[in-house]
Amino acid sequence: MFAPAVMRALRKNKTLRYGVPMLLLIIGGSFGLREFSQIRYDAVKSKLDPEFEKRLRANKITLESEYEKIKDSTFDEWKNIRGPRPWEDPDLLQGRNPESLKTKRT
């Protein structure tokens, strides 16, 4: 006789009905996110194949080496060509004759 009255009171209590599941979700989500983020850090720490590591170390590209490659390049003949918009014909925009392109394709 006492148990049905207690169960009915617990069902009507908004704290137990809404608050406790919300707290469990927040706290459980915190632990779940910690586990998922730990996977990310463990993957970074994992060792790569030794051959692959040697190739990565051998192919070091630095800013200075890239600068040396393009240092003597001439950019005087450079021309800015705007790409076509979706409603524009790319052949007409870049100064090419579309008729000559059609004959080349066929």
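The values are calculated or read from the model by the stated rules, or taken from the named source; none is laboratory data. The structure displayed is predicted, hence computed values, not measured ones. Glycine also receives a Cβ, built like all others from the backbone with ideal geometry; neighbour counts cover every protein chain displayed. Heads up: the accessible areas ignore ligands, DNA and RNA and are worked out on the full protein's heavy atoms, side chains in. Shrake-Rupley method; radii C 1.70, N 1.55, O 1.52, S 1.80 Å.
I'd like the accessible area for residue 77: 1.4 Å probe, protein heavy atoms, all chains in place, Å² to the nearest 10.
150 Å²
Which entry in (i) 45, 26, 23; (ii) 95, 48, 31; (iii) 60, 37, 24 is this structure's computed Cα extents along the principal axes in Å?
(ii)
Within segment 1-70, what whole-number % of the accessible surface is contributed by carbon and sulfur, with the 1.4 Å probe and all protein chains included in the calculation?
The computed percentage sits at 66.
If you fit an axis through the alpha-carbon atoms of helix 2-12 and take the longest principal axis of the Cα set of the chain, what angle between them do you get, 0 to 90°, nearest 10?
Taking Cα atoms only, the helix is inclined about 30 degrees.
Count the lysine pairs in the chain that are 8 or more places apart or on different chains: how many have C-alpha atoms under 30 angstrom apart?
11
Test of understanding: in a Gaussian network model of the chain with alpha carbons linked when under 10 Å, which of 14, 71, 47 would top the mean-square fluctuation ranking?
Between 14, 71, 47, it is 14 that shows the largest mean-square fluctuation.
What value, in deg cm²/dmol to 500, does the helix sum -39500 (n - 2.57) over DSSP H runs of n ≥ 4 give at 222 nm once divided by the residues of the chain? Can you show the working numbers first?
Numbers: 6 runs with 66 residues, N = 106.
My calculation for the chain gives -19000 deg cm²/dmol from helical runs alone.
Note down the accessible area of residue 26, probe 1.4 Å, to the nearest 10 Å².
Residue 26 exposes around 100 Å² with every protein chain in place.
Treating only the Cβ atoms of Lys and Arg (+1) and Asp and Glu (-1) as charged, compute the dipole magnitude of segment 1-70 about its Cα centre; round to the nearest 20 debye.
So the magnitude is around 800 debye.
Per residue, what accessible area does the chain have, given a 1.4 Å probe and all protein chains present, in Å²?
On a per-residue basis, the chain sits at 101 Å².
Roll a 1.4 Å probe over the protein heavy atoms and report the accessible area of residue 36 in Å², nearest 10.
Looks like 150 Å² after rounding.
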